[in-house]
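Just so it is clear, none of the values below were taken in a lab; they were calculated from the coordinates. On a predicted model such as this, the values are computed, not experimentally measured, just so you know.
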Ligand code: NOJ
């Protein structure tokens, strides 16, 4: 299965406000069809003030007017289903928006109220409570606590937010919170969605004591130190079992958890038969373009699949990380390597995710003027970190200058570089050697293979700096050359290569599929 992640603000804008929307996706459905993907994972489109672009939800059972309404979503669903594609919605159960009526009620009610018990409100430390209740940092920088002003105007309690202050964490041990989650799941399932990508799936429960983190715990932005008690608490599994019970009543639906957990045994726990169906494994998003690093990322993903019995998942990028073209070196080299890595993930067993724009070989754009940055990380880190806007710039569709057919507006929510005219869908569709053409061809070929029944791959012996592997059912041998010199091709008929081959040689930064 190949799923395509749409970041809705950035895909296509139908109403010329400079921001992508659901009708834009419907209008561009042929792009998905031609690409040959099996479905779409849609980043959040629920009602949201948009501080974290939809990951701050103020009404989980409505569509934000920025993107359309519930009937537009229904039309998108029908359109996708009529083309045999599924729709996976993003679900944000860890936190709400600070503009959710629950937080507003919590602020209006005092300490100890049932309204506050849906979140984590605690007294501060120090004689006047002016210090946060513990030392937890927020993922976006600064402390994970914000102090509120009580109704009488005095400084009051603090509430927990692992992300921005506008994203207060919910307490999933509160029955009201999880009952509401059930309602949200059913609302979208009844509408016909095929499943959910579950945001922060490893963070949905907090330790009861909310104790300080050890001073030497490694605070990674995304991959988590197992001693970091903000994540992977035992109670999280009860939430996943509950979600699963709801989904089991809707046959054919599935969950995909965002689980940033390294150790295989802990990762696998999320995939027990009564929990998540699938979980994202992010090893490849952190691996440099080096044979050993790629192999160990693939092995760790396969180990997790073996340990859990769930299909492995592969992603080179998403809306939170630097795009692969840039990670691998930018320019022609970065593009060549990203193309090679596409052949790698498509030759592996399991589910491959493509982040919108990867099929165009878009780079991350680090030239966005600072006064146009929108990611909360930028302000929360006092401008030490640029945040993730670089990988969310709108997609170029046609024409030779911004906004490249993305929108009828002159300006787009993030400015588009004026160097992308060769990267548009229009330009690349006309070029059989383009990255888009490679994606289309590779996905089509992959679809002609049987679905693998096991997550096994067999590594073959290769020259230094190269990797070679076959799925267990072995439709092709995939060989990748990460070294600086051309190497001889193994025996076999070339099915596809990520760049022209050099006679019988596989050039650097290139991958090939060979039939044996
Ligand atoms: C993970 C999402 O992928 C990211 O974009 C978001 O900012 C955080 N969760 C908080 O919801």
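Brief remarks on what is shown
- Look at where the Cα atoms of the stretch 408-444 and of the stretch 286-313 average out, and the two centres are 30 Å apart.
- Equivalent ellipsoid, the stretch 205-257 (semi-axes from 5 times Cα gyration tensor eigenvalues, Å): 30, 13, 5
- Relative contact order of the chain, pairs being alpha-carbon contacts under 8 Å that are 6 or more residues apart, as %: 13 percent
- Directionally averaged shadow of the stretch 457-516, computed from the convex hull of its alpha-carbon atoms, nm²: 3.5 nm²
- For the stretch 51-133, alpha-carbon Rg relative to the globular expectation (2.2 N^0.38 Å, N residues): 1.57
- The stretch 90-135-the stretch 173-240 distance, computed between alpha-carbon centres (Å): 17 Å
- Averaging over all projection directions, the Cα-based convex hull of the stretch 328-415 occupies 7.5 nm² in the image plane.
- For the chain, the share of DSSP beta bridges that are antiparallel, to the nearest 5, is 55%.
- Inter-centroid distance (Cα atoms) of the stretch 475-516 relative to the stretch 257-273, Å: 34 Å
- 0 to 90° range, to nearest 10: angle between helix 70-82 axis and the chain longest Cα axis: 30 degrees
- Cα gyration tensor category, rounded, prolate or oblate, for the stretch 5-58 with a/c compared to 1.5: oblate
- Rule-of-thumb Rg ratio for the stretch 423-505 [Cα; 2.2 N^0.38 Å; N residues]: 1.25
- Relative to the longest principal axis of the Cα atoms of the chain, the long axis of helix 175-191 lies at roughly 40 degrees.
- Relative compactness, the stretch 108-151, computed as alpha-carbon Rg over 2.2 N^0.38 Å: 1.22
- Rg to Rh quotient for the chain, alpha carbon positions, Kirkwood Rh: 0.97
- For the stretch 1-103: Kirkwood Rh in Å [reciprocal of mean 1/r, alpha carbons]: 13.9 Å
- Quarter of the Cα convex hull surface for the stretch 313-353, i.e. its orientation-mean projected area (nm²): 2.7 nm²
- Against the main long axis of the alpha-carbon atoms of the chain, helix 435-447 sits at an angle near 90°.
- In the stretch 17-162, the DSSP beta bridges split such that about 70 percent are antiparallel, to the nearest 5.
- Cα pair distances exceeding 14 angstrom across the stretch 292-374, given as percent: 67 percent
- Note on the stretch 175-246: Cα-only Rg and Dmax are 14.9, 47 Å.
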